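To start, the structure itself, in structure tokens.
The values are calculated or read from the model by the stated rules, or taken from the named source; none is laboratory data. Computed from a prediction, not measured in an experiment: that's the story for all the values here. As a convention, Cβ positions derive from the backbone with ideal geometry for all residues, glycine included, and neighbour counts pool all protein chains shown.
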Amino acid sequence: MVLRISIGNKTKDTTKTSSESTKQVTTTTATSTAAHSSSSLRSGEMKIMQNFLLIWFDGNIDKNHKDFQDYFTELRNIVSTFEKFNDVNRCAEYLRRIEFEKVFLIVSGTLNKDILPLVHDMIQIDTIFFLTRDKNRYKQLEKKWSKVQIVSASVNSICKRLNKAVRECDHNVVPVSFVPKRTSMETTFDQFELSFIYSILIKEIILETKEDDTKCMKDLVAYCSQQNISESQLKHFQRKYHRKSPIWWYTYECFLFSMLNKAVCSMDLECMSKLGFFIRNLNRQLEQLHKEQSNAYKKRITVYRGQELNKEEFEDLINMKDGLLTFNNFFRLVQNNM
């Protein structure tokens, strides 16, 4: 999709929860920039199916202990790629080999503070969750280390924090590109990057393909199972898919949104083909809603979306005032900026 850029005051993103999804303005798009993706860290490893992964570091970690298994089960419902380490150097080395995804790091145990100086400033690290039963004792770490969050050592507490971090990461990872304003106010294809044209072609192929949804769903579940997506989520998806709308599933907190977001941003054709039936269903529902609601919006409406930009991206945005913004994803927008 191509949008006209206007520069205004900073706004707070207030995307609503899944129960309010019918009130959201969601648009399907095509982009100018395909994000990079490191499909695996070593030859033969499974793909990282989301824009992030989870690492748990504990010097005395016991993978077979019931408490850890309880954590593992719940956390795997949020992040599909979950690694465990009990050696500081091996953990740091693993982190260095991650190229494009963001990392959520859980730190606990006797060696918890030893790892912070080694990994805190790594660009791969998004958030470090410092797990403890005595939050006051380690509160000063949040002041010393900006990426550290002190979290109570309970499954509910860490899942709540991780869910929030995951949503923010997925929201901010969508790549955008800018096309300068033309004095003639006309835009030709030679202004866009080749990746933008490529993404349009891929989009058209997916939307025009005719396949049986039942077979496609079975293929998707089998594919996700091979990529270590949570079995409980896959079973839930199979049982409930036809009972809910595509927009509901897109806004629901499960593997589907993150997986689609990663596939589209990185132009992962294999994954996009597996998700093709869902992309078509979602696009079809959006077109139907647009048709039904178009009469209610005779005048132009303003919608908002907040997204983090690095310094270079922000400078590009400022310089491209009144230019065009291109991206290749479904966007969740709101009609107020509060």
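Somewhere in the stretch 280-288, is a residue touching a Pro at 6+ places or on another chain (Cβ under 6 Å), outside the structural domain of Glu168 (by TED's automatic domain parsing), part of a helix (DSSP H, G or I) and among the aliphatic types (A, V, I, L, M)?
Taking the stretch 280-288 and keeping what is touching a Pro at 6+ places or on another chain (Cβ under 6 Å), we get 281-282, 285.
Remaining after also requiring outside the structural domain of Glu168 (by TED's automatic domain parsing): 281-282, 285.
Right, trim to part of a helix (DSSP H, G or I) and you get 281-282, 285.
So of that shortlist, the ones also among the aliphatic types (A, V, I, L, M) come out as 282.
Among the residues of the stretch 280-288, at least one is touching a Pro at 6+ places or on another chain (Cβ under 6 Å), outside the structural domain of Glu168 (by TED's automatic domain parsing), part of a helix (DSSP H, G or I) and among the aliphatic types (A, V, I, L, M), which makes the answer yes.
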statement: Ser146 passes all but one of the listed conditions (1) assigned to a loop (DSSP other than H, G, I, E, B); (2) at pLDDT 90 or above; (3) within 21 Å of Thr251 (Cα to Cα); the exception is number (3)
- line: Taking the stretch 81-128 and keeping only residues that are of a type in the set (Ser, Thr, Tyr) and either farther than 17 Å from Gln149 by Cα or touching a Lys or Arg at 6+ places or on another chain (Cβ under 9 Å) (or both), one is left with Thr81, Tyr94, Thr110, Thr127
message: Tally up the residues in the stretch 149-170 that are among the β-branched types (Val, Ile, Thr) and assigned to a helix (DSSP H, G or I), please.
response: 3
field: Test: residue in the stretch 282-293 that is more than 26 Å from Ile202 (Cβ to Cβ) and either in contact with a helix residue (DSSP H, G or I) (Cβ under 8 Å, 6 or more places away or on another chain) or exposed (fewer than 12 other Cβ atoms within 10 Å of the Cβ) (or both)
entry: yes
message: Tally up the residues in the stretch 302-316 that are touching a strand residue (DSSP E or B) at 6+ places or on another chain (Cβ under 8 Å), more than 23 Å from Met267 (Cβ to Cβ) and either part of a helix (DSSP H, G or I) or not assigned by TED's automatic domain parsing to the domain that holds Tyr250 (or both), please.
response: 0
message: Contact list please: Cβ distance under 8 Å, first residue in the stretch 213-236 and among the β-branched types (Val, Ile, Thr), second residue assigned to a helix (DSSP H, G or I), pairs at least six apart or on different chains.
response: Val221/Leu234; Val221/Phe237; Val221/Gln238; Ile229/Phe255; Ile229/Met259
Single unsatisfied condition, Lys143 versus (1) free of Cβ contacts under 8 Å to residues at least 40 places away in the same chain; (2) within 14 Å of Trp56 (Cα to Cα): (2)
